[in-house]
Each structure stands twice: as structure tokens, then as C-alpha cells.
Amino acid sequence: MDIEHVRSRFIKHFDGTTGRIFASPGRINLIGEHTDYNGGFVFPGAIDKGMIAEIKPNGTDKVKAYSIDLKDYVEFGLNEEDAPHASWARYIFGVCREMIKRGVDVQGFNTAFAGDVPLGAGMSSSAALESTYAYALNVLFGEEKIDKFELAKVGQATEHNYCGVNCGIMDQFASVFGKAGKLIRLDCRSLEYQYFPFDPQGYRLVLVDSVVKHELASSAYNKRRESCETTVAAIQKKHPHVQFLRDCTMEMLEEVKDIVSEEDYMRSEYVIEEIQRVLDVCDALENGDYETVGQRMYETHHGMSKLYEVSCEELDFLNDIAKECGVTGSRVMGGGFGGCTINLVKDELYDSFIAKANEAFKAKFGRSPKVYDVVIGDGSRELV
Ligand code: GLA
């Protein structure tokens, strides 16, 4: 992330003065996909890639925002009816609105931002953007009165209310709470969390990006969530204490097998199994048992591909290659429908796996995947 670049653009596009600079990261998730909105566990970490924004109050009631990467400039007011059209600007607008709803006296500001987290690759570029502004507005206009969890919820509510994605809390949580070298297990029902040092000796985590963009996936994502809620509603009739799939057992799911659709059944089966896999992986990590970690990752991929149906041909292909190369664990990461696989690879296999993935992917799809080594970094912060 390049502070100088952001600063020089900020100076050029506004009145030559400087503001304060804030940053928030994207995230990886070792395991626990589509479990957050089901009250289950997730196991993400922040990465060393994210968004940087320079911000300065401008004494007006307008936000003047410049996207350095898109070379696009948008101006908007802070009232509900002022929502801009550009999708990138809606994230900033949504954050302003959600902060105002929480009592922060947001005023107009100038801002320029840039990022190095790839867009639409499943690394939560949008959460990085939301968290950057939520964190910054809290410092600039909110006397830091909003706590970190609420800042994550500001980002999530922005997705729900201004971007049409009914996401869970994982991405924004990881972006705000990230710590270098640590993964975080979050219980999305109680919101309890625990940091786990992650420094697997002899292994590396690497992302292989299919470069299939998952931008149009929001309606499919929302549909998955509805499936889970439909199943919960059916189970609740007999088990009124059940609030989320987290509270359900496979036996309970069996009881409603003839009532819910086959599709809703499959979706729910995946989620119930996935929640357990997160716990298994945490135990395995504590015992240094990376073979089990890897096995669970493959199981997740299978579930996401065959039961939850959020994989795609390119990602299944990358997963098969990983298996063929003897990679310890591999799976589609994030919401799915495109983006990356996350791979746990033994050091000595790394070079041959990457070479093989490149070559085979290119032969089949006519273009190269992108490869990102994972470095687990810090969460939201002020830089200058
Ligand atoms: C997206 C959402 C998250 C989570 C993941 C899947 O990244 O924003 O809330 O549901 O998909 O695990």
C-alpha cells in the first residue's frame, strides 16, 4: 500500500493541502465460509493488502471523493436522498449514513483513496473500503466513541442498506480487528473472538486467483442466505429455541427433509458441516496437525462446489490441480462464484504447484491465474 501515491493524488486533486491518512486491509479466511450469517464460526485474518484513504474536512456539507485507481470523481451530500450512482461511491456514502445513524456528526470532507487488494477476487476489497472510512469518520467526527464491533457493523449495514448484499459480519470484522501474524476465530452468534498465532512451520498459504470476477454474485449470495433461513423456519416449528443453522443438528435437518426443498436441504447440510469444520481446524492447529487442517479445507471445497453450489469450473479446476500436486489443503475462498482458492502448501511443493497451476490453467482457459502469497497483517488504523 503506497501512502506517497495517495498523498500526491490528494494534493493534486484538491486545494494543495494535506489531510489525515487511514488504512484498512482485505482478508483471507482459512475456513468457515457462509457460516457467519448462520450464527456459526469463521476463521479469518487480515492481509497486507487493502485500501488507503486521505481525508480532510472541507467545511461544506458535501463529500468530494476521488477514486485514484478508477480515476473517477464524485460529489455527494450527506442526506439519504443524496446517494451517488457510482458503486464505489455508494460504499463511502453508505458508511457516512450509517455513522450519522449512530449519532456521529459527519461533515463534508475531501478524500482520495487507492487500494492494492484485487477487486472481486474474494479478498473483501469492499470491506476494506468500508472499514477505512468507518474508522476514519469515527476519529475525525466521532471522538472515537463508536467501538470497533460497531465500526464493523457500519460496514456490514452499508452492504445491506446501500449495496444490496445481505452479507454476514466476517469481512468487516476481520478488516477492523486484524492483527499481524494472527488468525481470528469469531463466534458470529455471541461475537466472542480469539486470536490464534498462525505461523505454520514448513507450510505456506497462497491464493490462486481464477480472475473470474464475482461482481454479479450478490443476488445468488442473497438467495443462499434465504435458503438457510427457510430451513431454520421449518426446524423452528418443532424446536422453537433454534435461531440459526448454528443451533441445528443434522438430526433436526433430517426431520424436515420432506418439508424443505432438496436445494434448501443441501445448502443447510453444507452449513451445519462447515461450522463443525471450523472447530476441527482450530483444534488441529493447536496440535500442529496441518494434515487435518488441509483435509477439512478440501471437504469445504467439496461442500461449496456440490452442496452450496458457489464454485465454478475454473475454481474446481484449480482445486483438482492442487490435489494432483499433493497440496495439503485447497478450497474456494470467500463468497464464491469466482475469485481465489486458498492453498496450504508444503514449502518444498510450492514452486512445482505454482508452475503446474499456471501451466494447466493457461492451457485450459487461455489465460494465467494470479498468485498471491498471504501475509497476515494488521487491521484498521491511522497511518499519518
Ligand atoms: C462474503 C460475505 C461474508 C461471508 C462470505 C462467505 O465475503 O461478505 O459475510 O458470508 O462471503 O463466507
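Points to keep in mind about this one:
- Here segment 329-370 is the region considered, the condition is being among the basic types (Lys, Arg) and out of contact with any helix residue (DSSP H, G or I) (no Cβ under 9 Å at 6 or more places or on another chain), and the residue that is nearest to residue 295 (Cα to Cα) is 370.
- Screening residue 309 against (1) within 16 Å of the ligand (Cβ to nearest atom); (2) in a helix (DSSP H, G or I); (3) open to solvent by 40 Å² or more (accessible area, probe 1.4 Å) leaves a single unmet condition, (2).
- Among the residues of segment 139-152, just one is over 30 Å from residue 200 (Cα atoms) and buried (at least 24 other Cβ atoms within 10 Å of the Cβ), namely 151.
- Scanning segment 234-251 turns up no residue that is in contact with a strand residue (DSSP E or B) (Cβ under 6 Å, 6 or more places away or on another chain), away from the ligand (no atom under 13 Å from the Cβ) and either assigned to a loop (DSSP other than H, G, I, E, B) or among the small types (Gly, Ala, Ser) (or both).
- Test set (1) open to solvent by 20 Å² or more (accessible area, probe 1.4 Å); (2) hydroxyl-bearing (Ser, Thr, Tyr); (3) under 27 Å from residue 337 (Cβ atoms) - residue 24 fails condition number: (1)
- Whichever residue in segment 33-56 is over 16 Å from residue 132 (Cα atoms) and touching a Ser or Thr at 6+ places or on another chain (Cβ under 8 Å) and, among such residues, is nearest to the ligand (Cβ to nearest atom): 33
- Of residues in segment 161-187 being open to solvent by 20 Å² or more (accessible area, probe 1.4 Å) and assigned to a loop (DSSP other than H, G, I, E, B), the one nearest to the ligand (Cβ to nearest atom): 165
- From 333, 297, residue being surrounded by 20 or more Cβ atoms within 10 Å (Cβ to Cβ), in contact with an Asp or Glu (Cβ under 8 Å, 6 or more places away or on another chain), in the same structural domain as residue 208 (by TED's automatic domain parsing) and not charged (D, E, K, R): 333
- Top-ranked residue in segment 264-287 [being more than 20 Å from residue 187 (Cβ to Cβ) and either hydroxyl-bearing (Ser, Thr, Tyr) or surrounded by fewer than 14 Cβ atoms within 10 Å (Cβ to Cβ) (or both); ranked as modelled with the lowest pLDDT]: 287
- Looking across segment 200-219 at every residue that is at pLDDT below 95 and farther than 25 Å from residue 167 by Cα, the one that is least open to solvent (accessible area, probe 1.4 Å) is identified as 200.
Residue by residue, here is whether (1) farther than 28 Å from residue 217 by Cα; (2) away from the ligand (no atom under 16 Å from the Cβ) holds:
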residue	(1), (2)
58	yes, yes
68	no, yes
77	yes, yes
81	no, yes
86	no, yes
112	no, yes
120	no, no
129	no, no
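- Residue in segment 237-248 that is at pLDDT 95 or above, among the β-branched types (Val, Ile, Thr) and over 26 Å from the mean Cα position of the chain (by Cα) present: yes
- Tally of residues being away from the ligand (no atom under 16 Å from the Cβ), part of a loop (DSSP other than H, G, I, E, B) and out of contact with any Pro (no Cβ under 9 Å at 6 or more places or on another chain) across segment 17-32: 2
- Flag if residue 155 is closer than 28 Å to residue 341 by Cα, open to solvent by 10 Å² or more (accessible area, probe 1.4 Å) and within 14 Å of the ligand (Cβ to nearest atom): no
The values are calculated or read from the model by the stated rules, or taken from the named source; none is laboratory data. On a predicted model such as this, the values are computed, not experimentally measured, just so you know. No Cβ is skipped: glycine too gets one built from the backbone with ideal geometry, and neighbour counts run over all protein chains shown. These area figures cover heavy atoms from the full protein model, side chains too; ligands, DNA and RNA do not enter into them. Shrake-Rupley method; radii C 1.70, N 1.55, O 1.52, S 1.80 Å.
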